[in-house]
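Below: one structure, written as structure tokens.
The values are calculated or read from the model by the stated rules, or taken from the named source; none is laboratory data. The structure presented is a predicted model; accordingly, all values stated were derived computationally and were not measured. Cβ coordinates were reconstructed from backbone atoms using ideal geometry, including for glycine residues, and neighbour counts include every protein chain displayed.
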Amino acid sequence: MKSKIAIAAILAASAASAQAQTGFRADVHAGWDQITVQESAEIEDEAFSGKERESGVVYGGELGYDHSFGMVSLGAYAGIAGSSTKECSEVYAEVETCAEAGRNITLGVRGGVNVTPSTLLYVKGGYSNGQLRLNYIDHVDEDNSFGVHENMDGYHLGAGVQMTFVSGLYAKLEYVRTDYDDYAISDGDAALRGGLDRDNVIFAVGMRF
């Protein structure tokens, strides 16, 4: 009799997990954003290089669909985010370069384990397309200054925990690491080259439909 009750409880928990973690979802998020810029500049046959880190705020939203197979959940998602992060470094006296993180688009898949009917532990990964705004600023001769926008492909990996509450409301906390392809931009006698990585820790709230 006790074994039948235990089996029934396990089946009921599995059904509750599947219901809680299956369906379309949408959320909004905000959190910590850190960009790491490895940059080199060549101006009139002179070369300069450096590595800088700067932090800011990331904000955006995500749409997704998940399907729960008992204790295991699989899904896909698409998201878009903006950032306040900006990094500037001095090339030499009165000349600096600034890198500003623009919008970021993500497409990916995630898989996880329903550790309780309302708690999902997951890993995620996929494609990223980020925008980097680059400015070369000459404070002495403004005619030498220029700015460009560069779209960069890359990939992201992450992990998180998601808690489901009443009526499909959920909250999640996750860490995501993004690695973008290197960039190379030139304008006349000046050229900028480098690479960009970013780290995010975000908190999100959303609804499952």
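Okay, residues lined up against (1) free of Cβ contacts under 8 Å to residues at least 40 places away in the same chain; (2) outside any strand (DSSP E or B); (3) closer than 20 Å to Leu157 by Cβ:
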site: Ala81; (1), (2), (3): no, no, yes
site: Ser89; (1), (2), (3): no, no, no
site: Glu96; (1), (2), (3): no, no, no
site: Glu100; (1), (2), (3): yes, no, no
site: Asn104; (1), (2), (3): no, no, yes
site: Gly108; (1), (2), (3): no, no, yes
site: Gly112; (1), (2), (3): no, no, yes
site: Leu121; (1), (2), (3): no, no, yes
site: Gly125; (1), (2), (3): yes, no, yes
- Would you mention how many residues in the stretch 145-185 are surrounded by fewer than 16 Cβ atoms within 10 Å (Cβ to Cβ), under 20 Å from Ala101 (Cβ atoms) and out of contact with any Asp or Glu (no Cβ under 7 Å at 6 or more places or on another chain)? 8
- Message: So in the stretch 61-102, with the set limited to residues that are polar (S, T, N, Q) and over 15 Å from the mean Cα position of the chain (by Cα), which one is nearest to Gly126 (Cα to Cα)?
- Response: Ser73
- List, please: which pairs have Cβ atoms under 9 Å, are six or more places apart or on different chains, and start with a residue in the stretch 177-192 that is in a loop (DSSP other than H, G, I, E, B) and end with one that is at pLDDT below 65 and surrounded by 14 or more Cβ atoms within 10 Å (Cβ to Cβ)? Asp189/Ile43
